[in-house]
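The values are calculated or read from the model by the stated rules, or taken from the named source; none is laboratory data. The structure displayed is predicted, hence computed values, not measured ones. Virtual Cβ from ideal backbone geometry, glycine too; neighbours counted across all protein chains shown. Please note that ligands, DNA and RNA were not included when accessible areas were found on the heavy atoms of the full protein model with its side chains. Shrake-Rupley method; radii C 1.70, N 1.55, O 1.52, S 1.80 Å.
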Amino acid sequence: MAAKLRKGDKVIVLAGKDKGKQGEITRVMPSDGKAVVDGVNVSIRHQRQTQTNQGGRQPKAMPIDLSNLALLDKNGKATRVGFREEDGKKVRFAKTTGDAI
């Protein structure tokens, strides 16, 4: 199955404690059905001090379920993703505007 959301996409959170927040996908885990989004679902992790890391309480973005994310179209609104063929290539497009992503 083709990926509707990919690394680098601008998304908005549809449900949960961070509902309405926007961010960019930094990592996708298709086997788990989750993605890591910058500044969303942040928790505090305690890090041990090392030579390269000062340690202490570090904020870390945790994975969020793909079903709770929607792609942002050029107007800044949430949209669903469709697939179509253009010039012999399969491309994603925003259902709200019809523009290729």
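Okay, here's what the table says:
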item	result
Separation of the Ser43 and Lys89 label points, Cα + 7 Å toward Cβ, nm	3.9 nm
Segment Thr96-Met62, extension gain: residue separation times 0.36 nm, minus the distance between their alpha carbons	9.3 nm
Probe 1.4 Å, all protein chains present, accessible-area order of Phe93, Phe83, largest first	Phe83, Phe93
All Cα pairs of the range 26-101, percent lying beyond 19 Å	57 percent
Per residue value of the accessible surface for the chain (all protein chains in place, 1.4 Å probe), Å²	71 Å²
Trypsin sites (Lys or Arg not before Pro) within the range 1-39, DSSP loop, no more than 12 other Cβ atoms inside 10 Å	Lys7, Lys17, Lys19
Entries of Lys34/Lys89; Lys19/Lys89; Lys17/Lys74; Lys17/Lys90 with Cα pairs more than 31 Å apart	Lys19/Lys89; Lys17/Lys90
Mean Cα-pair separation over length for the range 42-101, i.e. relative contact order, pairs under 8 Å, 6 or more apart, %	19 percent
Whole-Å distance, taken between Cα centres, linking the range 46-101 and the range 26-41	8 Å
Cα extents of the range 1-57 along the three principal axes, largest first (Å)	42, 25, 18
Amide H contacts of Val42 (H built 1.01 Å from N, under 5 Å, at least 5 apart or other chain)	Met62
With all protein chains modelled, accessible area of Asp18 [1.4 Å, Å²]	20 Å²
Share of carbon and sulfur in the accessible heavy-atom surface of the chain [1.4 Å probe, %]	46 percent
Average Cα contact separation per residue, the range 1-77, under 8 Å, 6 or more apart, as relative contact order %	30 percent
